[in-house]
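Below: one structure, written as structure tokens.
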Amino acid sequence: MAAGNPFAIALELILERDPVLMGIVSLSLQVSLSAVLIALVLALPFGAALAMFRFPGRGLLVTLLNALMGLPPVVAGLMVYLMLSRAGPLGSWGLLFTPTAMVIAQTLLVFPIIASLSRQVVEDLWEEYREQLQSLGCSRLRAIPTLLWDARFSLVTGVLAGFGRASAEVGAVLIVGGNIDGVTRVMTTAIALETSKGNLPLALGLGIVLLLLVALVNAAAYLLGESARRRLG
Amino acid sequence: MNDMTMARGLLPLQLENVTFRHRNQLLLRDITLQFGVSGRTVIMGPNGAGKSLLMRLCHGLLRPTSGHVRWARGDALSNDVRRRQAMVFQRPVLLRRSALANIRHALALHGVPRSQRTGMAMDALERFGLVALASRPARVLSGGEQQRLALARAWALRPEILFLDEPTSALDPAAVKAVEDAVTAFQGLGIRIVMSTHDMGQARRIADDVVFLLGGRLREHTSATAFFESPRTAEAAAFIRGALIW
């Protein structure tokens, strides 16, 4: 690929539909979207339960969850690496340096963001709805799906933040994925590699493509959320 | 559906020496009171007298600090007993979904089988003139429409007793009329009414008996005629004249 203007390179990359680039983009999306989806399924009920129930150690758990929003990706990657390496407890699964390992690591990064936000949002909504729902004979457990559904617009923000974190990080996927060409190479690791090779225009071009992708996903979610919010008040 | 033949039996409701304390403030003290099996009770008193609090204690949303709230049968705080009551709040809390779905949600919480929910919800919407708004998001309805929807939701649940906490204080006259008509309709189904209001005219129109609270104490509980014609306490007399007492 020609050296020169990174914008021209980005445009060329997109227009040419270079199969290698397409593979990298598609793997990036697959890994990050899977991680967000899995984190969502786990974090929504977890965050909501944390909002609804009082138990010893709850404050500690909330603080820990909030702190984990800032977990450095390399540390998350290292933790997953230790779990999945040959000598690790899950070494026999043979997952290290596979896309699955990357999904696990990114899930770890996204989970605290969505769980924290859903705890906050559900707690606020419960404050507003508590009397009415209790009047209707609704238990705290039964209230969770109702509250999550009514919080759906606010939760979109959390999901987007989670997707942003997953698609932008390089440390975790690099450690557990290994940046293997055609197997575990994603946008961010490709950018890191091209940068270290000195191919700055290509690295920048890839960076622009990544930015466009993230912007596209965010715009779609924003438009969807805004129109729904307007309709439902 | 013949509502009069439904198994009843939650009433009368008996309050025995009910006291409620919050952060070392005595908000209700030593209330002993009985709500009989039928009729419309209006709870009156100035702001802060404890009207809303009293209804929340009756409805089981709050637990008395001491004393007892006793239904003819069942535990006052159980969801089971609460499902046989309904409450309409000053500001209705509606879910971010359609008007119809709001009622269906309430019916689901009451264990009504899925196949019957839409029919029952539409019946209730029709009763309150809301059919045209069935698929509209509840949160964008006007204040009056929202309160009617809250009433329709209570209607669909066929409670034995309905609590209304100043249901008209934020509404325009037409919407107030709709709420008062609804109260009459609930009464027509044999549903016990307990309502608080600031509006003296409304109290006169609705009340069969009046509970008068002042400073967290029960000052009078008599028939509406007796209360408005010859109040026993000087405070009640002053309150009826419109004097500021607290």
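The values are calculated or read from the model by the stated rules, or taken from the named source; none is laboratory data. All figures in this text were calculated on a predicted structure; none of them were measured in a lab. Glycine also receives a Cβ, built like all others from the backbone with ideal geometry; neighbour counts cover every protein chain displayed. Please note that ligands, DNA and RNA were not included when accessible areas were found on the heavy atoms of the full protein model with its side chains. Shrake-Rupley method; radii C 1.70, N 1.55, O 1.52, S 1.80 Å.
Assorted remarks:
- Probe 1.4 Å - accessible area at residue B:169, Å² to nearest ten: 60 Å²
- Phi to ³J(HN,Hα) by Karplus 6.51 cos²θ - 1.76 cosθ + 1.60 over segment A:92-97, Hz, x for Gly, Pro: 5, 6, x, 9, 4, 6
- Peptide B:84-97, shielding by other chains (average Cβ, 10 Å cutoff): 4
- Using θ = phi - 60° in the Karplus curve 6.51 cos²θ - 1.76 cosθ + 1.60, the 3J(HN,Hα) couplings for segment A:61-75 round to 5, 4, 4, 4, 4, 5, 5, 5, 4, x, 4, x, x, 4, 5 Hz; x is entered for Gly and Pro.
- The protein assembly as shown pair-distance distribution - Cα-Cα, 20 Å bins, rounded %: 20, 39, 24, 15, 2
- Per-residue Karplus couplings for segment A:166-175, computed as 6.51 cos²θ - 1.76 cosθ + 1.60 with θ equal to phi - 60°, are listed in order as 5, 6, 8, 7, 10, x, 5, 5, 5, 5 Hz, Gly and Pro entered as x.
- Take each peptide in A:149-156, B:210-217, A:219-226, count the other Cβ atoms within 10 Å of every residue, and average; sorted highest first, the result is B:210-217, A:149-156, A:219-226.
- Distant alpha-carbon pairs in segment B:95-158 (separation over 15 angstrom), percent: 38 percent
- Using the Cβ-Cβ distance between residue B:91 and residue A:33 with R0 = 35 Å, the FRET efficiency computed as 1/(1 + (r/R0)^6) comes to roughly 0.30.
- Using a probe of 1.4 Å, the accessible surface attributed to residue A:183 totals some 70 Å² when neighbouring protein chains are kept in position.
- DSSP H segments from chain B that extend 15 Å or more along their own axis, Cα-based, with Kyte-Doolittle mean of 1.6 or above: none
- Ellipsoid semi-axes in whole angstrom, largest first, where each is sqrt(5λ) of the Cα gyration tensor of segment A:1-160: 38, 22, 13
- Shielding score for B:104-111, defined as the mean number of other chain Cβ atoms within 10 Å: 4
- As a rough guide to protection, the peptides B:92-104, B:117-129 ranked by mean Cβ packing within 10 Å, highest first, stand as B:92-104, B:117-129.
- Sorted from longest to shortest, the spans of the Cα atoms of segment A:128-174 along the three principal axes equal 52, 18, 12 Å.
- Considering all C-alpha pairs of segment B:159-246, those separated by over 20 Å amount to 37%.
- Estimated D of segment A:108-210 in µm² per second, where Rh is the Kirkwood radius over Cα pairs and Stokes-Einstein applies at 10 °C, 1.306 mPa s: 96 µm²/s
- Virtual spin-label span in nm between residue B:223 and residue A:197, 7 Å along Cα→Cβ: 9.7 nm
- Global form of segment A:35-78, assessed from the alpha-carbon gyration tensor, a/c cut-off 1.5: oblate
- Between residue B:38 and residue B:77, full extension at 0.36 nm per residue minus the direct alpha carbon distance yields a gain of 11.9 nm.
- Simple spin-label estimate for residue B:68 and residue A:54 gives 2.6 nm between the two label positions (7 Å along the Cα-to-Cβ direction from each Cα).
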